[in-house]
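Worksheet: the structure to be examined is printed underneath.
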Amino acid sequence: HCVDLGCGTGLMAQALGGRARRNTGIDLSGAMLKKAEDKKLYDKLIKADLTAGMLEAGPADLIIGADVFMYLGALAPVISASHAHLLPGGIFAFSVELSKAVGGYELLASMRHAHSAAYVGKCLAASGFETLATKISIIRTDGPDTIDGLLTIARKPFERMNADG
């Protein structure tokens, strides 16, 4: 089960090309969800904020947040909610616009938030994620400018069994 946070018109589901058995998209915009619905790539579409939408979506094997976290300042709530809704061993993959600020996030002139690598790592660790990979990459263009982002893949650890089983 793949949950696509901020699914918009369905570009991520399109990119996944049917690799998930079940796709759920979450977005605040009814107009975007209508476009996603027309593509018939999702089994379920939820009009809600990200954390409320995850409650409705239920447990997931994969949660993706592509080009959506720049609309959020603090990431701890959505990262924590993602951890809570992932099954053990589940993958959380997302992008953020990269901030040069040390240890936090900032609101840019573009009215998008940028997050530092240190802040992202701190939020993941505090929620119990294992970071598998991070990469700085160009995530989009804005006119003639390229926008650097941080691509992150993390995993919810498998539950460890104690001596009693």
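The table below lists the values:
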| item | result |
| --- | --- |
| Candidates LEU41, LEU28 - the one that is farther than 20 Å from ILE91 by Cβ, without any contact (Cβ under 8 Å) to a residue 40 or more places away in the chain and more than 13 Å from the chain's Cα centre (by Cα) | LEU28 |
| Single residue of LYS34, LYS44 found to be farther than 15 Å from ASP61 by Cα, open to solvent by 40 Å² or more (accessible area, probe 1.4 Å), modelled with pLDDT of 95 or more and out of contact with any Asp or Glu (no Cβ under 9 Å at 6 or more places or on another chain) | LYS34 |
| Unique residue being open to solvent by 60 Å² or more (accessible area, probe 1.4 Å) and not in a strand (DSSP E or B) when the list is ALA101, ALA52, ALA125 | ALA125 |
| Residues being surrounded by fewer than 23 Cβ atoms within 10 Å (Cβ to Cβ) and touching a residue at least 12 places away in the same chain (Cβ under 8 Å) - total across the range 4-17 | 5 |
| Tally, over the range 6-64, of residues that are of a type in the set (Val, Ile, Thr), touching a strand residue (DSSP E or B) at 6+ places or on another chain (Cβ under 8 Å) and closer than 19 Å to VAL96 by Cα | 3 |
| Residue count, the range 72-86 (criterion: open to solvent by 40 Å² or more (accessible area, probe 1.4 Å) and not in a helix (DSSP H, G or I)) | 2 |
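The values are calculated or read from the model by the stated rules, or taken from the named source; none is laboratory data. Quantities reported herein were computed from a predicted structural model and do not represent experimental measurements. We place every Cβ from the backbone using ideal geometry, glycine too, and count neighbours over all the protein chains shown. Each accessible area value is taken on the protein alone, full model and side chains, heavy atoms only, with ligands, DNA and RNA left out. Shrake-Rupley method; radii C 1.70, N 1.55, O 1.52, S 1.80 Å.
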